[in-house]
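Colleague: The structure is given below, and queries will be raised subsequently.
Every number here is computed from the coordinates shown, using simple stated rules; none is lab data. Just so it is clear, the model here is predicted, and its values are computed rather than measured. All Cβ positions, even for glycine, are placed from backbone atoms using ideal geometry, and neighbour counts span all protein chains on display.
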Amino acid sequence: MRPTRVLAALFLVLALYCGLDPFKHSAIVDFPDFEAYKVDMPSWSSVPTERDPENLLQKSEIKFLNQVQGPESVAFDPLGRGPYAGVADGRVLFWNGQSWTDFAYTSPHRSDICSPKPSPLSYLKNEHICGRPLGLRFDKKTGDLYIADAYFGLLKVGPEGGLATPLTTEAEGVPLRFTNDLDIDEEGNVYFTDSSTTYQRRNFMQLVFSAEDTGRVLKYNPTTKETTVLEKNLQFPNGLSLSKDGSFFVFCEGSIGRLRKYWLKGEKAGTSEVLAVLPGFPDNVRTNENGDFWVAVHCRRNMYTHLCALFPQIRKFLLKLPISAKIQFLIHIGGRPHAVVVKYSPEGKILQILEDSQGKVVKAVSEVEEKDGKLWMGSVLMPFIAVYNLA
């Protein structure tokens, strides 16, 4: 048999295997309606090339190892106490200076299934029952803590803590399915993201693979109790943070890898524009005292993800191969976890970049909170908080 015929036969067998997946090994086997969508990626030439050649994040201190599982968001209350952290078992914990104590929780259905487990990912299958607090923000005037819970929507709990009160669980008749991050303005309005109306957080890898565009940015008005949609048809909107003067907020476009500005005041109020193309794919964003924005980048871009984003049918074909979702995700992020944090000016200029390109110390970062000359970095995937001294 000629080599060309052998290759043709092998290709046919592979195509049949991918189409049928008889042993149910693919990353999307449990999602029969899975579709991959094109991502209008920024041109490769527009991607920032700045790097941290010293890998300065490797100088970070790892704190609370195995005491906090998956602390996505790190916050300090109006009195400067904390940190507070939302963890994988559905609780919000408070560091009182000596130990972690329970502060709040989002689910009224907690039970033994929410008990401690060996890793943050161990909680995924029960997150919809136990709750998964992601974005945390304190109202500086009242001391109330606002929580974006991936499953229970937007909630609020008083300074004394306890079971959080739901504020909204839908917008324009569409339920919140993946509430992710939030911020609060001077009038008490809450701006927040709903990353997808199709996929829940426990299927976040499939959302990453799909790049579907049902994500939204929303506003909750505490006076009218109304929730309105400000932006829709977004591909994995994630972190959100108000500018220092309150004239706009920025939010992260996860699938595209951009920082977008939404105007709240002035001639452009109600419109949005691209603020910056990021060196990778972002999670949360936080504003520091100077009005600059720290963006947590969970991985740098690579040519593989760039091409897969532009050609969704090829991406879907690759996802049907007998390769697990975990391995597909590792390929997506370049082979290994690595942390990158970038500081941007309000005009979108890169001011500072810090990273651990080898993932030796800070393997992943979901949020960067600057306080008293230190960066407090949480990660939805890691069992610790990393602290980097800017001085």
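Colleague: How big is the chain in terms of Cα radius of gyration and Dmax, in angstroms?
Modeller: Considering the chain through its Cα atoms, Rg and Dmax are 20.9, 79 Å.
Colleague: If R0 is 41 Å, what FRET efficiency do you get for Ser99 and Ser45 from their C-beta distance, rounded to 0.05?
Modeller: That pair, Ser99 with Ser45, gives E of 0.20.
Colleague: Shifting gears a bit: So what's the gap between the Cα centers of the stretch 313-390 and the stretch 280-312, to the nearest angstrom?
Modeller: 8 Å
Colleague: Moving to a separate point now. Using 0.36 nm times the number of residues separating His25 and Leu390, minus their current alpha carbon distance, what extension gain do you get?
Modeller: 126.9 nm
Colleague: Given the options Glu160, Glu170, Glu253, state which has the largest fluctuation in a GNM of the chain using a 10 Å cut-off (strictly under) for Cα springs.
Modeller: It is Glu160.
Colleague: How charged is the neighbourhood of Cys114? Take every other residue with its Cβ under 10 Å from the Cβ of Cys114, and add Lys/Arg as +1 and Asp/Glu as -1.
Modeller: Result for the neighbourhood of Cys114: 0.
Colleague: Let me ask something else about it. Collect residues whose amide H, placed 1.01 Å from N in the peptide plane, falls under 5 Å from the amide H of Leu134; neighbours closer than 5 in sequence don't count.
Modeller: Counting only residues 5 or more places away or on other chains, the set is Ala148, Asp149, Ala150.
Colleague: If you don't mind, another one. Can you tell me the order of 31-40, 377-386 when each peptide is scored by its average per-residue count of other Cβ atoms within 10 angstrom, highest first?
Modeller: Highest to lowest by the protection proxy: 377-386, 31-40.
Colleague: Work out how much length Ser122 to Gln313 would gain on full extension: take 0.36 nm times their residue separation and subtract the Cα-Cα distance, in nm to one decimal.
Modeller: Difference between extended and current length: 65.6 nm.
Colleague: Spin-label point model (7 Å from Cα, Cβ direction): what's the Ser324 to Gln352 distance in nm?
Modeller: 3.8 nm
Colleague: Give me the distance between the Cα centres of the stretch 46-61 and the stretch 111-151, rounded to whole Å.
Modeller: 30 Å
Colleague: Starting from the Cα-Cα distance between Asp185 and Thr165, subtract it from 0.36 nm times their residue separation and give me the gain in nm to one decimal.
Modeller: Length gained, Asp185 through Thr165: 5.3 nm.
Colleague: Let me ask something else about it. Computed FRET efficiency, Cβ-Cβ of Asp112 and Thr224, R0 41 Å: what is it to the nearest 0.05?
Modeller: Details: r = 40 Å, r/R0 = 0.97.
E between Asp112 and Thr224, to the nearest 0.05, is 0.55.
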